[in-house]
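Engineer: First the structure, which I've put down as structure tokens, then a few questions once you've had a look.
All of the numbers you see were taken from the coordinates with simple rules; none came from a lab. Model, not experiment: these values are computed from the prediction. Positions of Cβ are backbone-derived with ideal geometry, glycine not excepted, and every protein chain shown enters the neighbour counts.
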Amino acid sequence: KVYHGFKLAVLATFGLFLLEPSDNVDVLVGDSGVGKSCIVLRFVRGQFDPTSKVTVGASFLSQTIALQDSTTVKFEIWDTAGQERYAALAPLYYRGAAVAVIVYDITSPESFTKAQYWVKELQKHGSPDIVMALVGNKADLQEKREVTVQDGIDYAEKNGMFFIETSAKTADNINQLFEEIAKRLPRPPPPT
Ligand code: GDP
């Protein structure tokens, strides 16, 4: 049984989406280039294609996963990366989001700083019980790492987020990321 339609809008640098704020979209944010589109494509299509950016623009993707307690969660993802013209509306979207996924690139301290900015924005404008995930992507680039695992863990712990490092390239922890989100989604009241 599908109990929760998870709608995820992928935001670019400050990117945005096509949905009305009233649609209660969840958000995936992070600096441009941290790998948001690649994470989504790895999750939905099981492939890594660094050149897919253009074709992904404003497309709709969906993927369903089954949890161990036999519930099913359907992710509906609009990747509209690049539509920054809606940036001023972002706080409207934050307000309705049940989930925010904040991504940085472990080889880029700037992207980690920017991620912290988004966390603050979401704390300020988002719902008080928003589920927030901090994702350190490009974990395959160990030799270029500039943000330590401990940096991620510490920041996430302080801010009540869950933390995971992923690689869209090798598929490491991509399914786990979406499973962890699914597990933490607010459950509907049981049928009476
Ligand atoms: P977005 O702007 O956040 O959506 O970033 P993209 O998904 O377009 O990815 C930006 C660049 O990072 C592309 O060149 C990808 O090939 C690369 N990339 C994304 N994820 C990974 C990853 O996990 N490992 C490596 N090595 N490169 C990645």
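Engineer: So how far apart, in nm, are the two label points at K158 and I65 if each is 7 Å from Cα heading toward Cβ?
Structural biologist: Rounded to a tenth, the inter-label distance reads 2.8 nm.
Engineer: If R₀ is 30 angstrom, what is the calculated FRET efficiency for the pair D49 and Y117, using the beta carbon separation as r and rounding to 0.05? Each step should come with its number before you reach the end.
Structural biologist: Details: r = 29 Å, r/R0 = 0.97.
It comes to 0.55.
Engineer: On a full-extension model of 0.36 nm per residue, what is the gain between K124 and V149, subtracting their alpha-carbon distance, rounded to one decimal in nm? Could you put the intermediate results ahead of the total?
Structural biologist: Values: separation 25, 0.36 × 25 = 9.00 nm, distance 2.59 nm.
Computed gain between K124 and V149 is 6.4 nm.
Engineer: Okay, next question. Using the basic label-point model (7 angstrom from Cα toward the beta carbon), what is the Q142 to S32 distance in nanometres?
Structural biologist: About 3.2 nm, to one decimal.
Engineer: Next question, about the same structure. Is the range 113-192 best put as rounded, prolate or oblate by its Cα gyration tensor, with a ≥ b ≥ c the root eigenvalues, rounded for a/c under 1.5, and otherwise prolate when a/b is larger than b/c, oblate when not? Provide the component values of the computation, followed by the final result.
Structural biologist: On the way: a/c = 2.82, a/b = 1.43, b/c = 1.97.
Oblate shape, in that a/c is at least 1.5 and b/c is the bigger or equal ratio.
Engineer: Do any of K144/K183; K74/K138; K124/K144; K114/K144; K124/K169; K36/K183 go past 23 Å between their Cα atoms, and which?
Structural biologist: Working: K144/K183 32 Å; K74/K138 25 Å; K124/K144 33 Å; K114/K144 19 Å; K124/K169 33 Å; K36/K183 21 Å.
Long pairs (Cα-Cα over 23 Å): K144/K183; K74/K138; K124/K144; K124/K169.
Engineer: Highest first, please rank the peptides 115-127, 146-158, 33-45 by the mean number of other Cβ atoms sitting within 10 Å of their residues. Don't skip to the end; give the middle numbers.
Structural biologist: Details: 115-127: 17.2, 146-158: 14.6, 33-45: 22.3.
Output ranking for 115-127, 146-158, 33-45: 33-45, 115-127, 146-158.
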